[in-house]
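See structure below.
The values are calculated or read from the model by the stated rules, or taken from the named source; none is laboratory data. Keep in mind it's a predicted model, so treat the numbers as computed, not measured. We place every Cβ from the backbone using ideal geometry, glycine too, and count neighbours over all the protein chains shown. These area figures cover heavy atoms from the full protein model, side chains too; ligands, DNA and RNA do not enter into them. Shrake-Rupley method; radii C 1.70, N 1.55, O 1.52, S 1.80 Å.
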Amino acid sequence: MRMSLWCILALVAVLNVTSADELQTVEETELLKLIKEEHYVVALFCPSSSMEKCTKLEEVITSVREDMMEILDGEGRLVKLMDSPNVEEYDVAKMGLPLVVMFRNGLPVIYDGPPQEDIMLEQLFWYKEPGVQDLDDSSFEHLTQAASGATTGDWLVMFFTPSCQLCHRLTAALETVACKHRGRTNVARINKETSGEKTGRRFELGLEDKPDFILFRHGSMYRYQVDKYDPESLSSFIAGFYKNYPAQAIPLPKSPFDELVQLWVDYLKGNKEINVGELQNYLNAYPLLMGSFLCVPVLLVVALLLFMRSDEEPNPREEEENEESKKED
């Protein structure tokens, strides 16, 4: 009897040790639930084609489990997913390697360091707070001070459209770059179709469903022209690869009249439809300008009608001369 009890206790101890050395494996639905409910979730995405590297990362995470939970204020979960198709939502480079993603109140950031305990703990602590700033037309110049020489530091800005799927997938990559360069380079995004439409026109950006990256540095701007959006490539661009592109002058913010003219030009070219709400905003903010601008076509039509009427109406003097010539004949 004692022997059987001893065997059971030994088996339980072995199972506890084994579970402590492994992460809890979850499915996609359970991960989504955890992301919504927990403040922090650290997920290891493991492809079966790279089990050796995955095992190494899992060993690192489990070895610092207690320290990691302390960093996450005791409000985190550590899980693992095998061959998850949703990894492509975060791994834009599609490397097919294990990926560690930390969700902070649902916002993902990628651990892009080596499988080492101290570095992982330090980086995840550094990545706890969100890093990407959201800009719009009213805050862009105020925060970036791009036209005045960028006294607030360097800015990497992603211009996106709501319908751009790649732009949404870049959330984790952009957060990683922002957290990695926190204190040295500001990273932000702006919707070039809605709240940042004027700013998008200022930099002559179209409304294609693709991200546009511009680095504002020391009074110049550098356009990112590579179709690689992983954190390493973007970080390399910030760190010095931007020098391979021409430094362009930063255009000044457009005046209200320039904005209004550009709005009509885009409409006439068929690039966009007239936004009634935007016209109403112009009318409220600049009633005299809008009144003058809208009166121009009306005045042109009136002038054309008067000109046509003057051609049609007979000249009294000419009629008298014609009648006198007839009498003489």
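So what is the accessible area of region 36-187 per residue, in Å², with the probe set to 1.4 Å?
Here the residues of region 36-187 average 46 Å² of exposed surface.
If I compute solvent accessible area with a 1.4 Å probe over the protein chains, what percent of it on region 28-99 is carbon and sulfur?
C and S atoms contribute 48 percent here.
What does the accessible area per residue of region 196-248 come to in Å², with a 1.4 Å probe and no ligands, DNA or RNA counted?
Spelled out: the 1.4 Å probe surface of region 196-248, per residue, equals 49 Å².
Looking at region 65-192 only, what percent of DSSP beta bridges run antiparallel? Nearest 5 please.
Antiparallel: roughly 35 percent of the beta bridges in region 65-192.
Just want to confirm a number: the relative contact order over region 34-182, from Cα pairs under 8 angstrom separated by 6+ residues, in percent.
28 percent
Please label the shape of region 157-204 as rounded, prolate or oblate, based on the square roots a ≥ b ≥ c of the eigenvalues of the alpha-carbon gyration tensor (a/c under 1.5 means rounded; beyond that, a/b larger than b/c means prolate, else oblate).
Verdict is oblate for region 157-204.
Cross-link list LYS192/LYS228; LYS94/LYS128; LYS53/LYS128; LYS180/LYS243; LYS128/LYS254: which exceed 28 angstrom alpha carbon to alpha carbon?
Pairs exceeding the cut-off: LYS128/LYS254.
May I ask for the net charge around GLY153, where only other residues with Cβ less than 13 Å from the Cβ of GLY153 are counted and Lys, Arg are +1 while Asp, Glu are -1?
Surrounding charge for GLY153 is +2.
Rounded, prolate or oblate for region 18-100? Axes are the square roots of the Cα gyration tensor eigenvalues, ordered a ≥ b ≥ c, and the cut-off for rounded is a/c under 1.5.
Judged from the Cα gyration tensor, region 18-100 comes out oblate (a/c at least 1.5, b/c at or above a/b).
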